Amino acid sequence: MFVGREQELASLEEFYAKDGIGMTVIYGRRRIGKSTLITEFVKDKKTVFYTATKIGKARNLELFSKQVLDLFMPGIENISFNSIEAVFDFIDKNIANDKIVLVIDELPYWAEKDDSLLSILQKYIDTIWNDKNLKIILCGSALSFMENKVLSEKSPLFGRRDSQIKLESFNYLDSAKFVPNYSNEDKAICYGITGGVAKYLSMIDPKKNIDENIIRLFFRTDGYLYDETRNLLTQEFSDISLVNNIVEQIASGVNTLNTISGKINEKEPTVLYSLEKLISVGLIEKKKCITEEKNKKKTQYVLKDYMFKFWYEFIPKATSVIEMGQGALYYQKAVKPFLHSFMGSVFEEMCRYYTLNQGITGAYGCFVTSVGTWWGVENITDKNGYIRAQSADIDIVALSDIDKKAVIGECKFKNEKIDKGIYETLVRRGTLISNKYKISKYIFFSLSGYTDWFNSLSDEDVLLLTLDSLYR
């Protein structure tokens, strides 16, 4: 079942509709659904679809040649090519008046073993295929390679692309399409445990309830996600122990370079190198205070993949029990009671997406152009009249730099209702950014609703939303 990606498919169809030579680049982290997207796009088109592997230059050439022959001369096996130029020449002579799609998936595996591949491809695009109806799709999971070697101005292919698609995880709304009959709470949890990653969502059985799916995927030794984090890290890193320690610290809330280095007893440059690599493969990201994005001291490293967050929070301490075949019991006793706590940061991200989606339409009395979070320090006067400083944060800060206004919000994925105290805290913390932005709206998002105190609150600048509001 193919789900979502309407915008990306429309972009590819627009690319295909234009006659002549064309090239587009599709990239994104592993498991995100790049190959599935391309397969859906080319299903009714004449296509050479080759997926490169880590087998060296000669073997990739041999297998690519076979794919080319299968399209133009199916059944012919006694033709061989001694160079990529020979294969490209064969394509040129046989394409005739047809419109052909040429896909090279996992391009970095091949190009890293053949330094000339991209330059040769550039030559054929410019001089040999320039009058052909050939649509080239270059795809890869190594983000740094695709950005630096294919898309950057230093690349031989710079200026040749018609478009590019950086494929990201599904948002919570598209993720819900995989489990249409789930309750909204279970849809949100499904999004949280998969991070919206296409492959992981496809492993969810919509006929089973959320608990059964979590147990089946994470808490059994044959579960697809039981070893997934180790598998992904092994594919990308040589020093698994160091990277695992770093990810483990970030998952537990240790999120600055110096604190991570101190916790694992490694030098900062060593840790920074691994952090940059983790960013390049799409597993972590830098989080910045939205009103001080240029302040390097206010930079945190957070997991971009919520599946990793779930895995590191619950699986390592359960390994022995799972291997004894008692994973289901462990889940019921030691995981399910804490799902709402785990979902806290996931729910915040969902609410930020919702706020931006609504804000760009002007729904909050301003044109919202960015959304993020804020943290800092506030001064509090205690009951004895003493002023003390304490850390403070605002879950949602949506800014309109055009109007110099802000929308701020608080999110609670808990069984308890939001009360007067949470309202007063958000209003108070709004003053910490009101010197730069006028607060346009105060938005509250609650899984379990609101106390009766809010019945007497008549303030048109306050919006009270629930989880169901996000799915309407």
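What follows is calculated from the coordinates using simple rules that are stated; it is not laboratory data. Since the structure is predicted, the reported quantities are computational estimates derived from the model, not experimental observations. Every residue, glycine as well, gets a Cβ built from its backbone with ideal geometry; the counts of neighbours run over all protein chains shown.
So if R0 is 35 Å, what FRET efficiency would LYS294 and GLU424 give, r being the distance between their Cβ atoms, rounded to the nearest 0.05?
Details: r = 31 Å, r/R0 = 0.90.
Efficiency, from the Cβ-Cβ distance: 0.65.
Excluding same-chain neighbours fewer than eight residues apart, the lysines reachable from LYS287 by a Cα-Cα span under 19 Å are LYS277, LYS296, LYS297, LYS298, LYS304, LYS309.
Quick check: from the Cα gyration tensor, does segment 64-122 come out rounded (a/c under 1.5), prolate or oblate?
On the way: a/c = 1.78, a/b = 1.51, b/c = 1.18.
Taking the square roots of the gyration eigenvalues as a ≥ b ≥ c, segment 64-122 is prolate.
Given a Förster distance of 35 angstrom, what is the FRET efficiency for ASP222 paired with GLU185, based on the Cβ-Cβ distance and rounded to 0.05?
Details: r = 28 Å, r/R0 = 0.79.
Approximately 0.80, to the nearest 0.05.
With each label modelled as a point 7 angstrom along the Cα→C-beta vector, the VAL377-ASP131 pair spans 7.2 nm.
Restricting to Cα pairs below 8 Å that are 6+ residues apart, what does the relative contact order work out to for segment 173-343? Please round to a whole percent.
Numbers: 162 pairs, mean separation 39.9, N = 171.
The value is 23 percent.
Principal axis analysis of the Cα atoms in segment 156-232 yields extents of 49, 29, 16 Å, listed in decreasing size. Mean separation of Cα pairs under 8 Å and 6+ residues apart, divided by the residue count of the chain: what relative contact order is that in percent? Relative contact order of the chain: 11 percent. Label-to-label distance, LYS207 versus GLU112, with points set 7 angstrom from Cα along the beta-carbon direction: 4.0 nm. Per the Debye formula on identical point scatterers at the alpha carbon atoms of segment 349-394, with no solvent, log10 I(q)/I(0) at q = 0.28, 0.32 Å⁻¹ is -0.95, -1.07.
Summing Lys and Arg as +1 and Asp and Glu as -1 over all other residues whose Cβ lies under 9 Å from the Cβ of TYR172 gives a net charge of -1. With a Förster radius of 22 Å, plug the Cβ-Cβ distance of TYR353 and ARG388 into 1/(1 + (r/R0)^6) and report the FRET value to the nearest 0.05. For TYR353 and ARG388, the calculated efficiency is 0.05. The base-10 log of I(q)/I(0) for the chain, evaluated at q = 0.05, 0.06, 0.12 Å⁻¹, reads -0.24, -0.34, -1.19 [Debye formula, identical scatterers on Cα atoms, solvent excluded].
Please give the length that would be gained between ASN171 and GLU85 if that part of the chain were fully extended, namely 0.36 nm times their separation in residues minus their C-alpha to C-alpha distance (nm, one decimal). Present the calculation step by step, with values, prior to reporting the outcome.
Values: separation 86, 0.36 × 86 = 30.96 nm, distance 4.17 nm.
Net length gain for the segment: 26.8 nm.
Under the simplified labelling scheme, the LYS93-LYS57 pair shows an inter-label distance of 2.3 nm, with each label point 7 Å from Cα along Cα→Cβ. How large is Rg over Rh for segment 6-166, taking Rg from the Cα atoms and Rh as the Kirkwood inverse mean of 1/r across Cα pairs? Checking Rg against Rh, the ratio lands at 0.92.
Excluding same-chain neighbours fewer than eight residues apart, the aspartates and glutamates reachable from LYS263 by a Cα-Cα span under 12 Å are GLU248. For the listed peptides 87-99, 205-217, 306-318, a ranking on the average number of other beta carbons within 10 Å per residue, highest first, reads 306-318, 205-217, 87-99.
What's the extension gain from LYS43 to LYS154 if we count 0.36 nm per residue and subtract their Cα-Cα distance? If you can, show how the numbers build up before the last one.
Values: separation 111, 0.36 × 111 = 39.96 nm, distance 3.36 nm.
The span from LYS43 to LYS154 would gain 36.6 nm if fully extended.
When peptides 167-179, 120-132 are sorted by average Cβ neighbour count within 10 Å, with the highest value leading, the order is 167-179, 120-132.
Taking segment 348-471 as the region of interest, the number of lysine pairs whose Cα atoms are within less than 22 Å, with members eight or more places apart or on different chains, is 11. For segment 43-52, backbone phi angles converted through the Karplus equation (6.51, -1.76, 1.60; θ = phi - 60°) give residue-by-residue couplings of 4, 10, 10, 6, 9, 9, 10, 10, 9, 6 Hz, Gly and Pro being listed as x. Suppose the Debye formula is applied to equal point scatterers at every Cα of segment 348-471; what is log10 I(q)/I(0) at q = 0.14, 0.20, 0.22 Å⁻¹? Values returned for q = 0.14, 0.20, 0.22 Å⁻¹ are -0.61, -1.17, -1.34.
Nearest 500 deg cm²/dmol is fine: what mean residue ellipticity at 222 nm does the chain get from its DSSP H runs of n ≥ 4 alone, each adding -39,500 (n - 2.57), divided by its residue count? Provide the component values of the computation, followed by the final result.
On the way: 20 runs with 187 residues, N = 472.
About -11500 deg cm²/dmol.
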